[in-house]
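> Got a structure here, written out as structure tokens. Questions coming.
The values are calculated or read from the model by the stated rules, or taken from the named source; none is laboratory data. Small disclaimer: the values here were computed from a predicted structure and weren't measured. Note that each Cβ is placed from the backbone with ideal geometry, even for glycine, and that neighbours are counted across all protein chains shown.
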Amino acid sequence: MRPIEEIEREIVEEFARFNNWADKYKHLIDLGKVVPELPEQYRKDKYKVSGCQAQVWLFAELTEQELQGGIHFYADSDALIVKGLISLLLRYYSGQEPAIIIQKDPLFINMIGLDKHLSANRSNGLAAMIKQMKMYSYALKTLQGRSIEN
């Protein structure tokens, strides 16, 4: 499991390469294009993130062997920029232990300036996705189960 601070530093350095927001948005869209396909079984209303203007589906499971007890998140959206945001959150939180996810907020959002360059609706959606990831983490930590199916 890679330290979450290292992942955050990489994201900040990656976005620092771009001189303007048009290029940063293009990069965000490109990141969204490589988000792994979400299995159809998770494209149901019970996996939708409420509070997002776009449709966003999010699922989590505890993968003890693959990620040494870390949570693996799966997500998708019908909007390209939102998929890019999902890509960053998956990169940041997937593989981390529940306690770390609960504790750590993605500071890279402010560090790269996303907080100032997203619309209010997208900012609210991003906050809703983070909240849902933390809620999955609380549940998996408490249940010590392998996945949340309800």
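> In segment 124-150, which residues are at pLDDT 95 or above and among the small types (G, A, S)?
Scanning segment 124-150 gives G125, A127, A128.
Residues are listed down the side, and each one gets a yes or a no for (1) buried (at least 19 other Cβ atoms within 10 Å of the Cβ); (2) more than 14 Å from the chain's Cα centre (by Cα); (3) not β-branched (V, I, T):
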| residue | (1), (2), (3) |
| --- | --- |
| H72 | no, no, yes |
| G84 | yes, no, yes |
| L89 | yes, no, yes |
| I112 | yes, yes, no |
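> Looking at (1) closer than 22 Å to F108 by Cα; (2) surrounded by fewer than 15 Cβ atoms within 10 Å (Cβ to Cβ), find the lone condition where Q55 falls short.
Tallying (1) closer than 22 Å to F108 by Cα; (2) surrounded by fewer than 15 Cβ atoms within 10 Å (Cβ to Cβ), Q55 fails exactly one: (1).
> Looking at segment 19-42 only, could you name the residues that are surrounded by 15 or more Cβ atoms within 10 Å (Cβ to Cβ) and either part of a loop (DSSP other than H, G, I, E, B) or of a type in the set (G, A, S) (or both)?
G32, V35, L38
> Kindly indicate the residue of segment 70-102 that is among the aromatic types (F, W, Y) and assigned to a helix (DSSP H, G or I) and also nearest to F15 (Cα to Cα) among those meeting that condition. Write out each step before concluding.
Pass one, segment 70-102, residues among the aromatic types (F, W, Y): 73-74, 92-93.
This time we only want the ones that are assigned to a helix (DSSP H, G or I), so: 92-93.
Working: Y92: 14, Y93: 18 Å.
So the residue we want is Y92.
> Residues of segment 114-128 being surrounded by 13 or more Cβ atoms within 10 Å (Cβ to Cβ) and farther than 16 Å from I86 by Cβ, which ones?
H117, the sole residue that qualifies.
> Is there a residue being of a type in the set (D, E, K, R), out of contact with any strand residue (DSSP E or B) (no Cβ under 8 Å at 6 or more places or on another chain), over 15 Å from P36 (Cα atoms) and touching a residue at least 12 places away in the same chain (Cβ under 8 Å) anywhere in segment 88-97? If you could, list the steps in order and put the result at the bottom.
Quick first cut of segment 88-97, residues of a type in the set (D, E, K, R) only: 91, 97.
Filter again for out of contact with any strand residue (DSSP E or B) (no Cβ under 8 Å at 6 or more places or on another chain), leaving 91.
Keeping just the survivors that are over 15 Å from P36 (Cα atoms) gives none.
Checked segment 88-97: no residue is of a type in the set (D, E, K, R), out of contact with any strand residue (DSSP E or B) (no Cβ under 8 Å at 6 or more places or on another chain), over 15 Å from P36 (Cα atoms) and touching a residue at least 12 places away in the same chain (Cβ under 8 Å).
> Restricting the first residue to segment 1-17 and requiring it to be at pLDDT 95 or above, which pairs with a second residue that is among the polar types (S, T, N, Q) and assigned to a loop (DSSP other than H, G, I, E, B) meet a Cβ separation below 9 Å and a spacing of at least six or different chains?
Pairs found: I4/Q96; I7/Q96.
> Now a separate question. Is there a residue being among the small types (G, A, S), closer than 18 Å to A75 by Cβ and part of a helix (DSSP H, G or I) anywhere in segment 103-124?
Keep residues of segment 103-124 that are among the small types (G, A, S), which gives 113, 119-120, 123.
With the extra rule that they be closer than 18 Å to A75 by Cβ, the set shrinks to 123.
So of that shortlist, the ones also part of a helix (DSSP H, G or I) come out as 123.
The answer is yes, given that some residue of segment 103-124 is among the small types (G, A, S), closer than 18 Å to A75 by Cβ and part of a helix (DSSP H, G or I).
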